[in-house]
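The values are calculated or read from the model by the stated rules, or taken from the named source; none is laboratory data. Keep in mind the model is a prediction, meaning the values are calculated, not measured. Here the Cβ positions follow ideal geometry from the backbone for every residue, glycine too, while neighbour counts run over all protein chains shown. Protein only, heavy atoms only, side chains kept; ligands, DNA and RNA dropped before computing areas. Shrake-Rupley method; radii C 1.70, N 1.55, O 1.52, S 1.80 Å.
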Amino acid sequence: MGTIQQISVKEVIVVEGRNDTEALRRAVRADTIETRGSAVGPDVIAEVKRARDTRGVIILTDPDGAGERIRRIISREVPGCKHAFITREEATGDHGLGVEHATPEAIRRALTEARCEEGEQFAAGVSWEKYREAGLVGKPESRLLREELAVTLGIGYGNAKQFFRRLHLLRITEVEFEEALHRVGEDGADG
């Protein structure tokens with residue numbers, strides 16, 4: 001029986017804690033920076049800036065409120081990082097929700113699909129009007145649609161405004177958006 005060669009990741013991966021680092025090491029060869037909580041102090045920010053400038057950074061936090069808070073703080077303080085996302089389903093274990101519960105395959109997929117965040121307005125992105133017309137805000141089913149679209153695009157869930165902003169920051173084109181909406185609609189019709 002052959003051995004599976006582990007993938008090496010050039011970028012430093014930002015995670016929340018030691019258990020996340022252990023889960024990552026089961027999936028890939030990579031260095032991590034642990035935030036050790038959602039406060040994200042100046043020492044962690046300085047370490048992430050150094051890593052971004054020398055090797056690049058991928059942020060992979062839990063798909064929950066604390067993980068999103070960490071992601072927002074680091075994005076604000078250290079622009080230019082990549083973002084990787086695992087779904088709530090992939091992160092659910094017997095003892096809670098977190099990266100540490102994800103399979104090596106889910107972690108590798110998330111890292112492979114990581115997207116770079118850009119700060120300025122994205123001209124090829126989805127307009128607010130198109131976003132509203134798609135039903136992603138202001139309707140009873142908007143939350144579910146955003147959840148399904150987040151999984152399809154691999155960009156993580158957000159409330160209406162956060163998700164719209166994320167579409168632009170992660171450079172989701174209008175074409176990608178339309179294709180993902182179409183896939184979500186097909187999946188919904190099948191169920």
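Got a sec? Charge dipole of the chain, +1 on Cβ for Lys and Arg, -1 for Asp and Glu; which of Leu136, Val40, Ala23 is way out at the positive end?
Val40
Place the peptides 85-94, 161-170 in order of packing, highest mean first, counting for every residue the other Cβ atoms within 10 Å and averaging per peptide.
On the way: 85-94: 17.2, 161-170: 19.1.
The densest-packed peptide leads the list: 161-170, 85-94.
Taking Cα atoms, how many degrees apart are the long axis of helix 142-153 and the longest axis of the chain, rounded to 10 and kept between 0 and 90?
50
Where q = 0.16, 0.18, 0.22 Å⁻¹, what log10 of I(q)/I(0) comes from the Debye formula for segment 1-135, counting one point per Cα?
Results for segment 1-135 at q = 0.16, 0.18, 0.22 Å⁻¹ read -0.83, -1.00, -1.33.
R0 = 41 Å: FRET efficiency of Glu186 with Glu22, Cβ-based, nearest 0.05?
Numbers: r = 38 Å, r/R0 = 0.92.
Efficiency computed from Cβ-Cβ geometry: 0.65.
For a paramagnetic label modelled at 7 Å from the Cα of Glu147 toward its Cβ, which residues of segment 64-92 fall within the zone defined by backbone nitrogen distances under 12 Å?
Of the residues in segment 64-92, 88-89 have backbone N under 12 Å from the label point off Glu147.
Tally up the carbon and sulfur contribution to the accessible surface of the chain as a whole percent, 1.4 Å probe, everything protein left in place. Could you put the intermediate results ahead of the total?
Working: 5180 of 10320 Å².
Of the solvent-accessible surface of the chain, carbon and sulfur hold 50 percent.
Report, by chain and number, residues whose modeled amide H sits under 5 Å from the one on Ile13, excluding near sequence neighbours (fewer than 5 apart, same chain).
Here the answer is Asp31, Thr32, Ile33, Ile58, since their amide H atoms fall under 5 Å of that of Ile13.
Between Cys116 and residues 5 or more places away or on another chain, which pairs have amide H atoms under 5 Å apart, with H built 1.01 Å from N, and which residues are they?
His83
Taking Lys161 as the anchor, which lysines have their alpha carbon closer than 18 Å to its alpha carbon, excluding any fewer than eight residues away along the same chain?
Leaving aside lysines fewer than 8 places away in the same chain, those within reach of Lys161 are Lys130, Lys139.
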